[in-house]
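The values are calculated or read from the model by the stated rules, or taken from the named source; none is laboratory data. Note that the coordinates shown come from a computational prediction; the quantities given were computed from them, not determined experimentally. Virtual Cβ from ideal backbone geometry, glycine too; neighbours counted across all protein chains shown. Side chains included, ligands, DNA and RNA excluded: accessible areas come from the protein's heavy atoms. Shrake-Rupley method; radii C 1.70, N 1.55, O 1.52, S 1.80 Å.
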Amino acid sequence: VKRQFYSDSITLMKERTYLNDTLLHGYAKAFFENGQLSAYTEFDRGKKNGRETYYYRDGVIRSEGWNIHGSRDSVWSWYDSVGRVVEEGRYDLGVHCGERRKYHRGARVYLNECYCFLPTSDGLYEYHSKFDSLGNRVFEDGHGDPVIIIKSTTFPKYRAHESFVVRI
């Protein structure tokens, strides 16, 4: 474990664990000057792998999600300063896929986006749409069937699902 302190030499700024004393492995923590945790990230052999969480100065979670092999890979959530969800989006190995929802004051969805990717598209969206809080489609771009089945074959042992359906 390596630690770095603020100029007062008492307050912890960073704490990280390493493999062979050089490669980030385990976890990394960062702290605000008030001593409160500002970030927590898990690593495996130098790449983000596992939970990643960011905090406000008072300890309320700012954002959270999971990584695999250095890329976002789960539902990621962002929160306001009192802990209400303001945005959610799903990632698959770093690529935004599926729904992304933005909330107004943690309650009603005011923007719902849908991104549909196919494994062969190399990260370019096949279909993208946005909806208002009443469910009316306000934007549409791309091509594809309104119901798209997305198969995930990369790193199958990490997948909780083999495929999922995005309904538009």
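One table, with the values for the structure above:
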| quantity | calculated |
| --- | --- |
| Positions within region 55-86 being of a type in the set (D, E) and touching a Ser or Thr at 6+ places or on another chain (Cβ under 7 Å), in sequence order | E64 |
| Matching entry among R3, R51 (being within 19 Å of G94 (Cα to Cα), among the basic types (K, R) and open to solvent by 70 Å² or more (accessible area, probe 1.4 Å)) | R51 |
| Residue in region 21-36 that is at pLDDT below 95, outside any strand (DSSP E or B) and more than 25 Å from the chain's Cα centre (by Cα) present | yes |
| Residue list for region 6-17, restricted to those being open to solvent by 70 Å² or more (accessible area, probe 1.4 Å) and either more than 15 Å from F43 (Cα to Cα) or more than 23 Å from the chain's Cα centre (by Cα) (or both) | S7, D8, S9, I10 |
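Residue by residue, here is whether (1) free of Cβ contacts under 8 Å to residues at least 60 places away in the same chain; (2) over 18 Å from V1 (Cβ atoms) holds:
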| site | (1), (2) |
| --- | --- |
| T22 | yes, no |
| H25 | yes, no |
| G59 | yes, yes |
| G70 | yes, yes |
| D73 | no, yes |
